[in-house]
């Protein structure tokens, strides 16, 4: 792959103006042929699937209720993956199906919208809205780029640090991508790839590494993404508690090592940078970032208040093993303080809560309740173990196989929530059947939840950044595959070393 930039046609906009890289100004990609087909025929296919898997095709290992549950499960997965209808519509259909088929009563099926994890999500989004509204997040990001981004290498490391910091504040990867994109697009312009119609190896590395870390940084914190909280909820249903502090200590070294090594491998071997590639090509880039920072003005009182409140919440979360306070209640108190008229930080109309995600999550929890009530996952887990011969595997082999399968699954699924819903109960079931401590298998798997960076449809940030036209789908797959293998190797090393010292994993050998 050549490292030279494509010549830029004359444009009527300033490539160093961050406003030119807002989401609504990026080129819109039309639906693929498969996407159009699913939107036209998806519902009909789903209806046929439900009838076939629930009532026509008989599976000897399943009883009548498990057969219907399998039909609902397969149909919901098809609709979620194909996006024939929005994911929240699929969740609502699923809840109705669980009730109408008699698998669940109406109250438990619909009560999942009140699950503590939903409230933790809502509270986290409220606090994140305050971070954005007060411009605190933007100020921190711009300051770090200006303060530490003195050369090409430091720019990459600074973006790595920003991604990890933002993961503590913002648990929506799409929101992080929207915030970060104007920053690295301006930097790409400075290094020879202005606009959305040119690229070079510097821009490929910068955008893809940011895509990698927008997702991977979520593995640092228990609240880093909604899928993390979903995994915690599924573990809680199995009687396993996960502390914020333990997740942080397990996730941070892994994410830091991954961020540094993926950068080094990317710029040296995947899309190599020459000495010339590392030199700025366009004057005025730093001045453009400085102007954006100056436009924020002096630090405002509300920024200080937001930082203090959220800092206190993080402190209480990080010390949860000492006091045992419920993390959801702590988050709700933080949200309440930010919404109080007396603090003047946030009005309800300023809050950006993706309710469609909450309804989708409620449907996912209802699916889990149906799987539990019918014991379908227990039966399927036993069959999977027999096919793969897991009963005779060592702990190291189980660790390696389960994490590899979960990481590889992101090449197929476009929702980390769905991967978590499908896979985490299987891991829990395997641990219970083999009498292994659940956390010993589930924690390493949980640290793979946000491994979803290889293809544009794997997650929302992927689709957003693909719209920058800085890389092709083939380049994205190549980069993502290599980095997925790297992450898996680092996860094996983590399990053999510090996660063993923490008491999470038994000895490999």
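Bear in mind that the values in this text are calculations on the coordinates, not laboratory data. It should be emphasised that the depicted structure is a prediction, and the values quoted were computed from it without experimental measurement. Glycine gets a Cβ as well: all are built from the backbone with ideal geometry, and neighbour counts include every protein chain shown.
Ranked for footprinting exposure by Cβ neighbours inside 10 Å, fewest first, 392, 90, 497 give 392, 497, 90. Computed from Cα positions, the angle between helix 173-190 and the longest principal axis of the chain comes to roughly 30 degrees.
Two numbers describe the Cα atoms of the range 390-509: Rg and Dmax, which are 15.5, 49 Å. Using alpha carbons only, the radius of gyration of the chain set against its Kirkwood radius gives Rg/Rh = 0.97.
Between the Cα long axis of helix 226-237 and the first principal axis of the chain there is an angle of about 30°, rounded to the nearest 10. For the range 116-350, rounded, prolate or oblate, judged on the Cα gyration tensor with a ≥ b ≥ c (square roots of eigenvalues), a/c < 1.5 rounded, else prolate if a/b > b/c? It is oblate, given that a/c is not under 1.5 and a/b is not larger than b/c. Let me make sure I get this right: for the range 212-307, a, b and c are the square roots of the gyration tensor eigenvalues over alpha carbons, sorted descending. Under 1.5 in a/c it's rounded, otherwise prolate if a/b > b/c, else oblate. Which is it? Note, shape of the range 212-307 comes out oblate. Helical runs (DSSP H, four residues minimum) scored at -39500 (n - 2.57) apiece and divided by the length of the chain put the mean residue ellipticity at 222 nm at -21000 deg cm²/dmol. In plain terms, the residue of 73, 413, 396 with the fewest other Cβ atoms within 10 Å comes first and the most crowded comes last, giving 396, 413, 73. The separation of the range 182-220 from the range 89-167, counted between C-alpha centres, amounts to 22 Å. Taking the longest Cα principal axis of the chain as reference, the axis of helix 376-388 is set at about 80 degrees. A viscosity of 1.002 mPa s and a temperature of 20 °C, combined with the Kirkwood radius over C-alpha pairs in the Stokes-Einstein formula, give the range 333-407 a diffusion coefficient of 127 µm²/s.
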